[in-house]
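Enquirer: Mind looking over this structure? Questions follow.
The values are calculated or read from the model by the stated rules, or taken from the named source; none is laboratory data. Because the structure is a prediction, the values reported are computed rather than measured. Cβ atoms come from the backbone with ideal geometry, glycine included; neighbour counts cover every protein chain shown. Quick note on the areas: whole protein, heavy atoms, side chains included, nothing else; ligands and nucleic acids left out. Shrake-Rupley method; radii C 1.70, N 1.55, O 1.52, S 1.80 Å.
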Amino acid sequence: MSRAEADEKIVAQEESGRTVGESLLVARAPGSGWVATARDIGLSFGLLLAVWWVVASLTSPLFLPSPPRVAEAFVRLTQDGSLATALWVTLIPLFTGLIAACLLGALAGLLMGLVPPLDKITGPWVYVFWSTPIVSILPIIILLFGVGTLAAAAFVFLSSVFPVIMNARSGAQQTDKGMIEVARSLGARRREILLHVVLPSSVPPILSGFRIAVGRAVVSVIVAQLFISAEGIGYMIRFYSDTLQLDLYFAPLLLTVAIGVLLNGLADIGERRLVRWELHDG
Amino acid sequence: MSQARGVAIKFQNIHKVYSTSGSEQPLHVLDDIALDIPAGTFCCLVGPSGCGKTTLLRLAGGLIASSRGSALLDGAEVTGPPRGASMVFQDSGLFPWMTVRDNVEAGIKMREHRRLTPTERAFSQEQIVKVGLAGFENFYPVQLSGGMKQRVGLARALARGPQVMLMDEPFGALDAQTRALMQEELQQLWTREKITVLFVTHDLDEAAYLADTVVLMSRNPGRIKSVINVDVERPRVIGDPRLAEIRRAAWESLREELQGVGEPA
């Protein structure tokens with residue numbers, strides 16, 4: 001037992017050694033935990049806001065409205081309910097398309113990775129779609145699904161499903177042969193190898209696929225509404241820019257950024273929760 | 001019981017040939033290997049790389065099939081991974097997504113294809129304590145040092161209550177001090193448990209220190225060159241002159257082999 005403890009001490013020393021190396025490179029700000037994190041984030045955005053304000057005061061408000069004017073517009077659009085409606089209309093196709101892409105993409109990718117004959121046929125399709133700028137098939141989507149929520153959801157799905165498929169597929173294909181051999185030596189059957197070895201080792205690549213999908217989904221739902229919808233955040237952005245009401249234009253734009261940041265943050269947390277075993281301190 | 005008293009692992013005239021593509025000669029990895037390992041003894045397989053020692057171990061573990069001849073474990077022909085055998089791997093072979101406890105319990109779970117009974121769970125926990133990892137049950141492999149990972153691999157092997165342990169250079173990747181420590185502990189453990197061990201290594205000191213019999217192999221094709229009995233009582237001490245003598249004799253035999261064939265580039 002004392003030996004295990006000694007081992008642990010060695011690990012701990014190695015870890016503190018790494019921290020020392022890091023702080024040699026960059027002087028560490030005092031403070032710790034979420035207070036320090038919040039302070040750093042506040043500082044970062046405060047600076048950005050200051051730059052915006054200065055630039056806005058130097059240019060015509062026609063091109064770049066100042067932060068207070070945007071804030072005012074934001075409050076107005078929130079109070080009359082138009083922002084909330086637009087948000088709702090945007091979130092529905094965003095989440096339907098994204099969730100469908102994650103579930104079906106992971107399933108399809110795993111199947112392709114596990115069944116080589118299937119992969120031979122469908123692999124090239126995925127490469128072709130992966131390389132196609134999905135925006136260019138928007139006209140076909142409009143023909144097929146019209147200009148409503150369904151079209152936006154379909155567009156979100158098509159934009160975000162391929163990174164998930166690709167990652168799930170390579171995750172299943174690149175399962176460590178050594179791990180499979182260990183499971184075999186323990187007596188595992190095919191189903192157990194699939195469930196306890198191939199699947200868990202594919203989780204990290206699938207989650208990185210989800211990360212890419214989230215980013216693409218947010219972009220594509222806005223793009224869909226910019227081009228085809230008469231409602232939603234994307235439409236608001238287009239309408240206010242077309243009519244040169246830039247203070248009102250910035251409100252839905254900032255909302256989009258907020259959605260993106262929030263979803264990426266959630267994906268981050270989810271990833272950390274699910275693959276604790278990949279991290280050094282869990 | 002008579003079987004258990006007798007021969008635990010028997011290799012009956014084993015041949016292993018890998019057919020290569022094109023006009024090349026088929027690769028004769030193992031050539032007519034015949035070897036009896038008595039129950040409860042510790043046998044080390046030593047030889048230059050490419051002599052087929054790991055292949056022989058994997059044959060006994062049922063991971064590959066022989067081209068001719070058969071391996072017998074407790075009198076039964078090996079056709080797949082045997083219930084009564086546990087393998088220990090050089091890279092520890094732990095599943096990174098499982099905690100220490102789950103890794104150890106997987107040794108039983110994957111054999112029985114069901115959840116563990118409370119008795120089995122308690123027995124697994126005992127093995128974790130035995131290898132000195134009490135308190136680390138919920139750690140993931142990435143959080144452990146190399147030596148600790150090997151301990152987990154050992155605990156997983158022991159949890160299966162094996163008659164035979166097949167160990168493939170388990171300490172090969174460890175630093176010298178940790179390796180010495182692990183060798184001492186393995187000797188203590190083995191003295192208590194009296195499991196039959198087949199242990200592959202390229203380290204002659206390790207072989208002399210641990211083994212009852214050291215089996216030296218030659219390569220191209222892989223054959224048994226000589227068998228050295230180590231009649232030194234246990235517990236042995238690292239640096240014992242009698243072990244050094246065994247090591248010297250083994251090296252003489254191996255050097256001849258290396259000079260005869262020539263070290264490939």
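This table checks each residue for (1) more than 14 Å from chain B (Cβ to nearest Cβ); (2) touching a Leu at 6+ places or on another chain (Cβ under 7 Å); (3) at positive phi; (4) not small (Gly, Ala, Ser).
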residue: A:Asn167; (1), (2), (3), (4): yes, no, no, yes
residue: A:Ala172; (1), (2), (3), (4): yes, yes, no, no
residue: A:Ala188; (1), (2), (3), (4): no, no, no, no
residue: A:Arg211; (1), (2), (3), (4): yes, no, no, yes
residue: A:Val223; (1), (2), (3), (4): yes, no, no, yes
residue: A:Leu226; (1), (2), (3), (4): yes, no, no, yes
residue: A:Leu253; (1), (2), (3), (4): yes, no, no, yes
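Enquirer: So A:Glu72 fits all but one of (1) modelled with pLDDT of 95 or more; (2) open to solvent by 50 Å² or more (accessible area, probe 1.4 Å); what number is the exception?
Expert: (1)
Enquirer: Tell me yes or no: at least one residue of the range B:169-178 is among the polar types (S, T, N, Q), under 27 Å from A:Pro204 (Cβ atoms) and in a helix (DSSP H, G or I).
Expert: So in the range B:169-178, the residues among the polar types (S, T, N, Q) come out as B:177-178.
Next cut, under 27 Å from A:Pro204 (Cβ atoms) only: none.
No.
Enquirer: Restricting to the range B:112-145, and then to whatever is in a helix (DSSP H, G or I) and at the interface with chain A (Cβ under 9 Å from one of its Cβ atoms), can you tell me which residue is farthest from the chain's Cα centre (by Cα)?
Expert: Looking at the filtered set, the residue picked out is B:Gln143.
Enquirer: Can you find, within the range B:93-111, the residue that is nearest to the other protein chains (Cβ to nearest Cβ) among those that are assigned to a helix (DSSP H, G or I) and open to solvent by 30 Å² or more (accessible area, probe 1.4 Å)?
Expert: B:Arg111
Enquirer: Taking A:Ile269 and the conditions (1) within 25 Å of A:Ser202 (Cα to Cα); (2) more than 14 Å from every other protein chain (Cβ to nearest Cβ); (3) open to solvent by less than 30 Å² (accessible area, probe 1.4 Å), which numbered condition does it fall short on, given that it satisfies the others?
Expert: Result: A:Ile269 fails condition (3) only.
Enquirer: Mind telling me which of the residues B:Ile37, B:Ile14 ends up being within 27 Å of B:Trp190 (Cα to Cα) and open to solvent by less than 20 Å² (accessible area, probe 1.4 Å)?
Expert: Numbers: B:Ile14 fails: within 27 Å of B:Trp190 (Cα to Cα).
Checking each option against the conditions leaves just B:Ile37.
Enquirer: Right, something else. Restricting attention to the range B:46-63, which residues are assigned to a helix (DSSP H, G or I), open to solvent by 10 Å² or more (accessible area, probe 1.4 Å) and away from every other protein chain (no Cβ under 14 Å)?
Expert: Residue satisfying the conditions is B:Lys53 alone.
Enquirer: Please find, within the range A:216-262, the residue that is farthest from A:Phe45 (Cα to Cα) out of those that are surrounded by fewer than 18 Cβ atoms within 10 Å (Cβ to Cβ) and of a type in the set (Ser, Thr, Tyr).
Expert: A:Thr243
Enquirer: Then there is this: Got a number for residues in the range B:147-188 being among the aliphatic types (A, V, I, L, M) and open to solvent by less than 10 Å² (accessible area, probe 1.4 Å)?
Expert: 12
Enquirer: In the range B:61-86, what residues are touching a Pro at 6+ places or on another chain (Cβ under 8 Å) and closer than 18 Å to B:Phe199 by Cα?
Expert: Within the range B:61-86, B:Gly61, B:Gly62, B:Leu63, B:Leu73, B:Gly84, B:Ala85, B:Ser86 qualify.
Enquirer: Filter the range B:121-142 for residues that are farther than 30 Å from B:Thr55 by Cβ and open to solvent by less than 40 Å² (accessible area, probe 1.4 Å) and give the result. Show your work before the answer.
Expert: Our first condition is that a residue be farther than 30 Å from B:Thr55 by Cβ; within the range B:121-142, this holds for B:121-126, B:128-130, B:132-140, B:142.
Once the filter is applied, which keeps residues that are farther than 30 Å from B:Thr55 by Cβ and open to solvent by less than 40 Å² (accessible area, probe 1.4 Å), the range B:121-142 yields B:Ser124, B:Ile128, B:Gly132, B:Leu133, B:Ala134, B:Phe136, B:Glu137, B:Tyr140.
Enquirer: If you don't mind, there's one more thing I want to ask. Please state which of the following conditions B:Cys43 fails to meet, knowing it meets all the rest: (1) touching a residue at least 60 places away in the same chain (Cβ under 8 Å); (2) within 25 Å of A:Glu192 (Cα to Cα); (3) within 13 Å of the chain's Cα centre (by Cα); (4) more than 9 Å from chain A (Cβ to nearest Cβ).
Expert: (2)
Enquirer: A further question on this structure: Name the one entry in B:Ser21, B:Ser70, B:Ser66 that is in contact (Cβ under 8 Å) with a residue 40 or more places away in the chain and part of a loop (DSSP other than H, G, I, E, B).
Expert: Values: B:Ser21 fails: in contact (Cβ under 8 Å) with a residue 40 or more places away in the chain; B:Ser70 fails: part of a loop (DSSP other than H, G, I, E, B).
Just a single option satisfies the conditions, and that option is B:Ser66.
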